[in-house]
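Structure, as structure tokens:
The values are calculated or read from the model by the stated rules, or taken from the named source; none is laboratory data. None of these values were measured; they are calculated from a predicted model. Cβ: placed from backbone, ideal geometry, glycine included. Neighbour counts: every protein chain shown.
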Amino acid sequence: MNQGLAISKTKEQITDAGARLGKVVPPGTVLLSFKLSIGKVGIAEVPLYTNEAIAALPIKNDRVLDARYLMRSLQAMDLAGGSNRAAMGATLNKKSLAAVQISLPSLPEQRRIAAILDRTDALRTKRRQVLAHLDSLTQSIFHNTFGHASEWPTQRLDSLVADGDRINYGVVQPGDDTPGGVPLIRVSDLAAGTVNRANLKRIAPGIENSYARSRLRGNEILVSSVGSIGVIGLAGPDDVGSNIARAITRVPISDSTLRTYIACYLRTATPQRYFVSELRTVAQPTLNVGQLAATSVPVPPRDLQARFGDRLREVQAAAALVAHASQRDDELFASLQSRAFRGEL
């Protein structure tokens, strides 16, 4: 459900025997996630099967309801909380999903609204693709600069940590979103090697005060360590004073040149394979602090690190411009969504 709205490929498949026990979802069916990550939407492009966290929503009469309009209507709702939280409860189940109400204009009007939102969303997608290409360029520059990392002496990651500080994870039970509270960075806020602050959750200062150890100073590499393992982000000046969720581990590195190098190195294949090999699974895959601390890091000469940092800043400047435009795209899309389902589009 993270690949986009058109679902045509999946990371996992089931056997023919498994398929005979399930019910095939035909192409054109709207899909909605209603467990864990609630509210993700898509449309089946091929015949497929879903797991228990995905609801298939076949339309009884396509002369009354358009599939893409239904998908856009659901996408515009906050099914996980907010205005729908009281009606839906903390968990979206079959009964509460059936009770969801959507506005139902004429079929031509539904198609017009869906088409406008589709075109705007396509622009957002293209902008994100540019950001992804720039992120790939960063990794290409890294490999071109440092070549084969095996030729450099190695050190444990924890030996490179800032004096008087340590590697640690964040807030275990952050509570509800608190307007005006302390920003909390989650795994979903890590993107393209940085922190995306557009949709940060905020937590009560009273809760955050108990986690001063993980409050950001702006000199950290952030590593996702629960669920999605090995997503990397660099904390920056805007992140100072924010805190992190339990699923993120902070790695404080005082030297900015070394920090930039290590952050990019941790995204390469060798440490990523190490992270996977060290996983412990209880409820979710987890990389603990000790395992992360033991990560072996090749340390190249400082002049190479500095050269890489200079080239990286050029790419980051271009990415910042694209990210700003992408944020404007998101704001436009949200405005159009709001107007569309108020009957003002």
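General observations
- Residue 163 meets each of the listed conditions (1) of a type in the set (Asp, Glu); (2) modelled with pLDDT of 90 or more; (3) surrounded by 14 or more Cβ atoms within 10 Å (Cβ to Cβ); (4) closer than 27 Å to residue 255 by Cβ apart from (3).
- Residue among 307, 250 that alone is surrounded by fewer than 17 Cβ atoms within 10 Å (Cβ to Cβ) and of a type in the set (Lys, Arg): 307
- Between 323, 318, the distinction of being surrounded by fewer than 16 Cβ atoms within 10 Å (Cβ to Cβ), in contact (Cβ under 8 Å) with a residue 60 or more places away in the chain and not in a loop (DSSP other than H, G, I, E, B) belongs to 318 only.
- As a summary of the residue check, residue 300 satisfies the conditions (1) at pLDDT 95 or above; (2) surrounded by 16 or more Cβ atoms within 10 Å (Cβ to Cβ); (3) not basic (Lys, Arg) except for the one numbered (1).
- Hits in segment 93-102 (condition: over 27 Å from the mean Cα position of the chain (by Cα) and surrounded by 13 or more Cβ atoms within 10 Å (Cβ to Cβ)): 102
- Some residue of segment 157-167 being farther than 21 Å from residue 265 by Cβ, touching a Phe, Trp or Tyr at 6+ places or on another chain (Cβ under 9 Å) and not in a helix (DSSP H, G or I): no
- Residue ID - nearest to the chain's Cα centre (by Cα), chosen from residues in segment 198-215 that are under 11 Å from residue 174 (Cα atoms), surrounded by 15 or more Cβ atoms within 10 Å (Cβ to Cβ) and not hydrophobic (A, V, I, L, M, F, W, C): 201
- Condition met for residue 249 (modelled with pLDDT under 95 and among the β-branched types (Val, Ile, Thr)): no
- If the condition is being more than 20 Å from residue 262 (Cα to Cα) and touching a Ser or Thr at 6+ places or on another chain (Cβ under 9 Å), then segment 227-244 contributes 227, 243.
- Selection within segment 170-205 - closer than 24 Å to residue 260 by Cα, modelled with pLDDT of 90 or more and part of a strand (DSSP E or B): 183, 184, 185, 190, 195
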